[in-house]
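Here's the structure we're looking at; comments come further down.
Read-outs throughout are calculated quantities, based only on the coordinates presented, and are distinct from any laboratory measurement. All figures in this text were calculated on a predicted structure; none of them were measured in a lab. Cβ coordinates were reconstructed from backbone atoms using ideal geometry, including for glycine residues, and neighbour counts include every protein chain displayed.
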Amino acid sequence: MERARISRQPAHLLLASEFGSATLNEKGSGEYDPSFVITKLGAKVNRIVAAGLLERLEQRETSGGSSLYQGQLRDPTGLHYFSIGEYNSEMMQELAHQWSERLDDGEPLLVMMTSKTRWYQTDEGAVYTSLRPEEACVVNREIYANWLLDACEATMERMNRFASSMEVEPTLDAYARAGLPASLLAAKNHYGEVDLEPFKLNLMQALDIAEGRIEAATTPPPVMRLSDGGGVEGGDGGQDLEAFLLKAVGQLDQGDGVTLDALLKVAVSNGGFVREVAEAKLDDMLDAGTLDEPRFGWFRVGATN
């Protein structure tokens, strides 16, 4: 008997922070039923449109001997992880090869991709999400800025629905009467109490970049070479993290400050520091006045220096 045709699922616009924090998966009982990832804001997604700066793309060999590209796509809120392998179309595999060569040459690439969502759980119970691109292309800064605005608008709509659900009885019938999706109730049952403040901060940063900081946010930070007499060692010994970050801000600041992502990337790749430790140190330096934050997510040397 011929199976019923499964309709193609719509693609949602999701920022990396919302998708990356999702841990709920839903799959139908049928063999061909699609699988969904349900986010903390109640988005139920089988396919998404993601965009950002292509930060990494590396070719690896699988245990079966085939070739696989694994990459990272960064938007203002975090990272999307994706993979391209023999299960993808020849066109996608060729694109991955071309992009890998261009990245090796130091070319910054803004990429937009429509992807299937993936959810998997390790034997230890950790849950991870990733993307499997179906279609992708390199875009210019204007298109990326417009995507950011659209993605922020979609995120705000989900946040508004989430906020309105606080006054609704947590039952399917009550949600249906209020025009709220069942996936939002499933999300609230799974995640419990969700703090909307991090999502608000992510939106502020994404909108800030879309409305005027797009050039700096889509340019990889330069490799920082500290002067010999600077008193800060790179690599694996004797570093003073605060001195390293202060010098990094001084060298990378072109007048508008330095983004959080750029500073953390330099601290990890050039200084050998742990990302989370560097981020905590930046907070301490803000509190002490060693650094200023003229706009959200941008740092410059403080008045005390």
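Of note:
- Helix-derived mean residue ellipticity, 222 nm - over the chain, DSSP H n ≥ 4, -39500 (n - 2.57), to 500: -11500 deg cm²/dmol
- Only the Cβ atoms of Lys and Arg (+1) and of Asp and Glu (-1) were treated as charged; on that basis the dipole of the chain about its Cα centre amounts to roughly 860 debye.
- Tilt relative to the chain, helix 182-191 - C-alpha long axis, 0 to 90 degrees, to 10: 50 degrees
- DSSP beta bridges fully contained in the chain are about 90 percent antiparallel.
- Taking the longest Cα principal axis of the chain as reference, the axis of helix 90-104 is set at about 10 degrees.
- All lysines inside 26 Å of Lys44 as judged from Cα atoms, apart from same-chain residues fewer than 8 positions distant: Lys27, Lys116, Lys188, Lys200
- Descending by average beta-carbon neighbour count within 10 Å, the peptides 133-143, 240-250 line up as 240-250, 133-143, the highest first.
- Ordering of 150-156, 73-79 by burial proxy (mean other Cβ atoms within 10 Å per residue, highest first): 73-79, 150-156
- Order by protection proxy (mean Cβ within 10 Å, highest first), peptides 172-185, 288-301: 288-301, 172-185
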